[in-house]
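Student: Sharing a structure here in structure tokens format.
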């Protein structure tokens, strides 16, 4: 397989799961952007290393869709920081997406193992 | 403005964010600034050094701003400006200016208008593309009617064939901005997510 096609496949597979993972990370508690990037990176052992220029537009999009709520908190330094939390809609969507993800993984493994 | 500092980098992002609502822009920049300051502190460097660090490579301001535009779209002011430019181009496409100035080519301006509406549809989305196309079509039809009536009291300048062709062209213009905006949306969202 040509390297460029393989890389694109891998990127597409990752992209397909990132929004679920962002919601899952925020689902554990209110977080700001850097915390989300750090947690995603650490829990995935560096597999999901999001660029900041990618994360924040994704967060804004999820907020516009009603899955996230944001609030600005003034830090002790005086600088504002934006925190994100799940809305009830976001919590419900996360729960359903997690179930769907488990099914996706199970069924994909059935096919992959069956084809060996 | 150089990109060799956090202020310079964010200044370039701000420049490329031109067109989206101003309250959204302020929030975007504040959030990016906070992230980069924390990131720099985490790796034990200054924000300005973080921007310059080639191993970290912050994304290009243009690319970052483009993703936000995909989320927020253009402000109402810009949507109105798109429509005004479209209407002006539309006026130039009315096939009567050749009577006034033989060297003028309304067909050329029609091609320019088609390219412009396609550009609006792909940049600003299908709704804006459709609205601008509609504004252009309506203004063309109204203006042609006024001109045709003014030039000959009986409107004889406008035969049925020309009127039909003009009406059909105007109708097509309405949809030119709509279709590319619809097609582009399908792949845009997923393509916006990038990894280190």
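The values are calculated or read from the model by the stated rules, or taken from the named source; none is laboratory data. In this text the structure is predicted, and so the values were computed from the model without any measurement. Here Cβ is always computed from backbone atoms with ideal geometry, including for glycine, and neighbour counts include all displayed protein chains.
Student: Kindly indicate whether residue B:38 is closer than 14 Å to residue A:53 by Cβ and either at the interface with chain A (Cβ under 8 Å from one of its Cβ atoms) or under 30 Å from the mean Cα position of the chain (by Cα) (or both). Lay out the reasoning, then the answer.
Tutor: Values: closer than 14 Å to residue A:53 by Cβ: no; either at the interface with chain A (Cβ under 8 Å from one of its Cβ atoms) or under 30 Å from the mean Cα position of the chain (by Cα) (or both): yes.
Answer is no for this residue.
Student: A further question on this structure: Tell me which residues, restricted to region B:70-106, are in a helix (DSSP H, G or I) and within 14 Å of chain A (Cβ to nearest Cβ).
Tutor: To start, the set of residues in region B:70-106 that are in a helix (DSSP H, G or I) comprises B:70-72, B:76-92, B:97-100, B:106.
Once the filter is applied, which keeps residues that are in a helix (DSSP H, G or I) and within 14 Å of chain A (Cβ to nearest Cβ), region B:70-106 yields B:70, B:71, B:72.
Student: Further question on the same structure: Are any residues in region B:48-98 free of Cβ contacts under 8 Å to residues at least 40 places away in the same chain and closer than 23 Å to residue B:170 by Cα, and if so, which ones?
Tutor: B:80, B:81, B:84, B:85, B:88, B:92, B:97, B:98
Student: Among the residues of region B:43-69, write down those that are at pLDDT below 85 and assigned to a helix (DSSP H, G or I).
Tutor: Scanning region B:43-69 gives B:47, B:48, B:49, B:50, B:51, B:52.
Student: How many residues does region A:4-35 hold that are more than 10 Å from every other protein chain (Cβ to nearest Cβ) and closer than 19 Å to residue A:75 by Cβ?
Tutor: 3
Student: Please give the helices (runs of 4 or more DSSP H) falling wholly within region A:18-116 in which 3 or more residues are within 12 Å of the chain's Cα centre (by Cα) and under 22 Å from residue B:24 (Cα atoms).
Tutor: Where helices (runs of 4 or more DSSP H) fall fully within region A:18-116 and carry at least 3 residues being within 12 Å of the chain's Cα centre (by Cα) and under 22 Å from residue B:24 (Cα atoms), they are A:33-43, A:52-64.
Student: Also, I was wondering about something else. Here are some conditions: (1) at pLDDT 95 or above; (2) away from every other protein chain (no Cβ under 14 Å). Residue A:70 meets all but one. Which one does it not meet?
Tutor: With respect to (1) at pLDDT 95 or above; (2) away from every other protein chain (no Cβ under 14 Å), residue A:70 is out only on (2).
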